[in-house]
Structures are given as structure tokens and as C-alpha cells.
Amino acid sequence: MTTLFDPLVVGDITVPNRVFMAPLTRMRSTQPGNIPNAMMAQYYVQRASAGLIILEATQVSQQGQGYPSTPGIHSDAQVEGWKIVTDAVHKAGGRMFLQLWHVGRISHTSHQPDGGLPVAPSAIAPDGKVFTADWKQVPYETPRALETSELPGIVEQFRKGAENAKAAGFDGVEVHGANGYLLDQFLQDGVNKRHDNYGGSIENRARLLLEVVDAVVGVWGRGRVGVRLSPYASFNGMSESDPKALFTYVLKELSKRGIAYAHVIEPRASGASDSVNVDVPVAFDELRGVFSGVYLSAGGYNVQNAPEAVEQGYVDAVAFGRLFIANPDLPKRLQLHAGLNPYDRSSFYGGTEKGYIDYPFMDKAA
Ligand SMILES: Cc1cc2nc3c(=O)[nH]c(=O)nc-3n(C[C@H](O)[C@H](O)[C@H](O)COP(=O)(O)O)c2cc1C
């Protein structure tokens, strides 16, 4: 029987266990310039025992930023900052894929390079509030719909981000196609109302994501590229009339491309709140069968359901978000059935070492 603690071949690399660290935005990069720093290196070094660390979402351009202090991968200073992180984690024996991110409409003029409006497939504002560059929360603005002629430029932002990630010493990249950010906004028909080749049919709505994947594979090779998706999820105002057909198509296309893994979030838990939604489909039941490569699953996993998901063969590996925030040595704790530190939600986004690099390891735990 395969367990969470067995090695796994993920594209071009072999990882020592199937307890992965999910991408987690912590908003602690150095300002000005959204530059990764030594404290971030220490945080990831503490978590180097993960089978694979998927780094926090990292904007591929200034246009792609939507929250204060999230790191970027579009300036030389950011690449130099990431080198500190990758060197330190590699020395500690870890492996890292950087999550490439463009937020699309989940932004505010204060983050935009020219003070312009955030961009999106269509000019539809999300409900709710956005963080401005100076950490105020204000209602979303109505974004500007991207011209068809601008879309090659979006693909180029991701391609360049992938190239920079390589220069920064990562082991691979994950394309962020989930959670209501730009590529997901193009995928789902509640938000994408376009009439060009990037709107309407499922094939058209998936086009931008697949063009980005192809561009990034062109930089890294297919064995070093993963893609994250969030079917059936409503976070960031997403909705889709036929999720099963859409995500089946996308995963089939990704299968054809032979990428390292598909990373699919279970809709029961987005991590944005502590509630678990039971009134949603189980994504791996619906979609696992249509992807032929490594199927990585995230969302609401714990000491009971994670081992079972791998042992029963429902998924190949599990990514943990909130539990990895609070437990730097999570694989060891799961293997030894040890207790877990509780997480402190108030220190998730921004701040200092507190709630970031001060969660105790098991040996030192009370
Ligand atoms: C503080 C926090 C930050 C997150 N940042 C990201 C992110 O940068 N990229 C992403 O794809 N998902 C992000 N997520 C979602 C998590 O990766 C994960 O899918 C979610 O927390 C559910 O998994 P969990 O139940 O193990 O926490 C974040 C979640 C939390 C709680």
C-alpha cells in the first residue's frame, strides 16, 4: 500500500514524501520593491521536509499584484532576493516550485504601475473589498476588460516570470490557474463575458491558461511545470455554469501536455475561513480520472483524511496549507501521529516574525 510517506516521481524530480506545502500568501516581502528576504528564507527552510514546497503566489508583473507586500518575480532585485531563499532551502535539503501569479481584477489602482484600473476578461467588479497598497480596505473598482491584442503580453509576463524563476534557482514553477485570479477569471463563465477567441466556448475560455502553460513549458520543460485549479469554488466571486465540463476539458488538455502535476483544490475548504463546505462535489471523484499524471489535492486535509486519500489511491499527494503554517515539521508530526500546533489566523497576512517563523518544532513543543 502506498502511504503519504512514500517517495513520488513528480515530472523530472523525485520527492521523498507526499506531504506537500500548499502555496500560502504571507505578505512579508521587503518594501519598496516586493523583494524576498532572509526572514522568508528562514520560514521556508523550517518547512524543507515537505515533499515539495509550492511557494506563495508571486506576481509576474506589477499589473499582476493585488495585495500589499506580496513578492514579485519581475525585477532583478526580486530574482536576487529569491536566490537567498532557494540557496537556503536547497542547503536544507528541500525542493521548491514557485507559484506564478497574475491577480487580474483582484487588485486596486494603487497597485497598478500607471495608476490605471486593474485588468480582467470583462469589466465586472467583484463584490467585497480589496487591500490598497497602504493596507486600507476599500470596495473593488470595476476593472478594465483586456483587449485581445493585449493577451500575448499577458502570456509574455508569465513566460518572463518563468525565466526569472529559473534564474532564481527554483526547481520548477506552478501556474496559478485557481482561486479567482486572472487565469481562473478567463476560465469561468460567471466572470468571462468576452466575444473574442478567449470567451464563449469552453475551448475559448481555456485558451489563455493553455497558452500560458505552453509558454512556461517552453522555458522549463513539461517535467518542471504544475498547474493549480479550483473547480466548484466561489472564492473571489467566481461562478461557472458547467464546472464538470470545463475542468474535464482543462485537465484533458493538461494531460496531453504531460506536465509534472495537476494541483486541484477541493471546494470544501478555500482556507479563507475556518468553515468546511459539505454541500459541494468531491473534486477528485469527478476529475481524478481525466488527468493521467500526478494528481495533487489540497483543501481541508487533516490527520485522518490525508493518509486515507493517498492509501486508497484517490490522489497521489496532498498539499497542506494552514497546518503547514503552524507546523514547520508537519511530515514528521503526521508520520508519528504527534499533536499539531494550532494556527493563529490574525498573523496570516503581513506582520513580523510572530506567527511566521516562531511556531515550535515537535521536539520543542510543549
Ligand atoms: C493564509 C493563506 C494564504 C493563501 N495563499 C495562497 C496562495 O498564495 N496561492 C494559492 O493558490 N492558494 C493560497 N491559499 C490557499 C491554500 O493554498 C489552500 O488551498 C487552502 O488553505 C486550503 O488548504 P488547507 O485546508 O490545508 O489550509 C492560501 C490560504 C491561506 C490560509
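So which residues in the stretch 326-348 are crowded, with 17+ Cβ neighbours inside 10 Å, in contact (Cβ under 8 Å) with a residue 60 or more places away in the chain and either closer than 30 Å to K136 by Cβ or among the hydroxyl-bearing types (S, T, Y) (or both)?
The one that is crowded, with 17+ Cβ neighbours inside 10 Å, in contact (Cβ under 8 Å) with a residue 60 or more places away in the chain and either closer than 30 Å to K136 by Cβ or among the hydroxyl-bearing types (S, T, Y) (or both): F348.
Taking the condition over 18 Å from the mean Cα position of the chain (by Cα), among the hydroxyl-bearing types (S, T, Y) and farther than 26 Å from V138 by Cβ, does T86 pass?
It is false that T86 is over 18 Å from the mean Cα position of the chain (by Cα), among the hydroxyl-bearing types (S, T, Y) and farther than 26 Å from V138 by Cβ.
Look at the stretch 274-317 and say how many of its residues are small (G, A, S), more than 18 Å from S255 (Cα to Cα), within 11 Å of the ligand (Cβ to nearest atom) and in contact with a helix residue (DSSP H, G or I) (Cβ under 9 Å, 6 or more places away or on another chain).
Matching residues across the stretch 274-317 total 2.
Report, by residue number, each residue of the stretch 243-287 that is surrounded by fewer than 21 Cβ atoms within 10 Å (Cβ to Cβ), farther than 23 Å from Q185 by Cβ and touching an Asp or Glu at 6+ places or on another chain (Cβ under 9 Å).
V282, F284
Pairs please, first residue from the stretch 299-317 and without any contact (Cβ under 8 Å) to a residue 40 or more places away in the chain and under 14 Å from Q335 (Cα atoms), second anywhere and of a type outside the set (F, W, Y) and not in a loop (DSSP other than H, G, I, E, B), Cβ atoms under 7 Å, 6+ apart in sequence or on different chains.
Partner pairs satisfying both residue conditions: V303/L334.
Kindly list the number of the only condition in (1) modelled with pLDDT of 95 or more; (2) surrounded by fewer than 23 Cβ atoms within 10 Å (Cβ to Cβ); (3) in a loop (DSSP other than H, G, I, E, B) that fails for P113.
(1)
For the stretch 349-360, state whether one or more residues are in contact with a helix residue (DSSP H, G or I) (Cβ under 9 Å, 6 or more places away or on another chain), among the small types (G, A, S) and away from the ligand (no atom under 12 Å from the Cβ).
No: the stretch 349-360 contains no residue that is in contact with a helix residue (DSSP H, G or I) (Cβ under 9 Å, 6 or more places away or on another chain), among the small types (G, A, S) and away from the ligand (no atom under 12 Å from the Cβ).
Check the stretch 53-69 and report whether any residue there is closer than 30 Å to Q312 by Cα, in a loop (DSSP other than H, G, I, E, B) and away from the ligand (no atom under 14 Å from the Cβ).
no
Report yes if D127 is more than 16 Å from the ligand (Cβ to nearest atom) and more than 23 Å from I259 (Cβ to Cβ), otherwise no.
yes
Here's a check for you: in the stretch 318-335, which residue that is away from the ligand (no atom under 13 Å from the Cβ) and of a type in the set (D, E, K, R) is nearest to the chain's Cα centre (by Cα)?
Among those that are away from the ligand (no atom under 13 Å from the Cβ) and of a type in the set (D, E, K, R), it is D329.
Tally up the residues in the stretch 1-35 that are within 16 Å of the ligand (Cβ to nearest atom) and either in a strand (DSSP E or B) or among the hydroxyl-bearing types (S, T, Y) (or both), please.
Qualifying residue count, the stretch 1-35: 5.
Looking at the stretch 229-256, which of its residues are in contact with a helix residue (DSSP H, G or I) (Cβ under 9 Å, 6 or more places away or on another chain) and within 16 Å of V175 (Cβ to Cβ)?
L229, S230, P231, F247, V250, L251, E253, L254, S255
Among the residues of the stretch 38-52, is there at least one that is within 13 Å of the ligand (Cβ to nearest atom), buried (at least 19 other Cβ atoms within 10 Å of the Cβ) and part of a strand (DSSP E or B)?
There is no residue in the stretch 38-52 that is within 13 Å of the ligand (Cβ to nearest atom), buried (at least 19 other Cβ atoms within 10 Å of the Cβ) and part of a strand (DSSP E or B).
Of the residues H90, H74, H108, H102, which single one is buried (at least 23 other Cβ atoms within 10 Å of the Cβ) and away from the ligand (no atom under 14 Å from the Cβ)?
Answer to the check: H108.
Across the stretch 136-174, what is the number of residues that are touching a strand residue (DSSP E or B) at 6+ places or on another chain (Cβ under 7 Å) and touching a residue at least 24 places away in the same chain (Cβ under 8 Å)?
15
Test R222 against the criterion of being surrounded by fewer than 22 Cβ atoms within 10 Å (Cβ to Cβ) and either touching a residue at least 12 places away in the same chain (Cβ under 8 Å) or away from the ligand (no atom under 16 Å from the Cβ) (or both), and give yes or no.
Judged against the criteria, R222 is a match.
Hey, which of the helices (runs of 4 or more DSSP H) in the stretch 136-237, taking only ones fully inside, have at least 1 residues that are more than 18 Å from the chain's Cα centre (by Cα)?
151-167, 202-220
The values are calculated or read from the model by the stated rules, or taken from the named source; none is laboratory data. Every value quoted in this text rests on a predicted model; they were computed, and no experiment measured them. Positions of Cβ are generated from backbone atoms using ideal geometry, with glycine treated the same way; all protein chains shown enter the neighbour counts.
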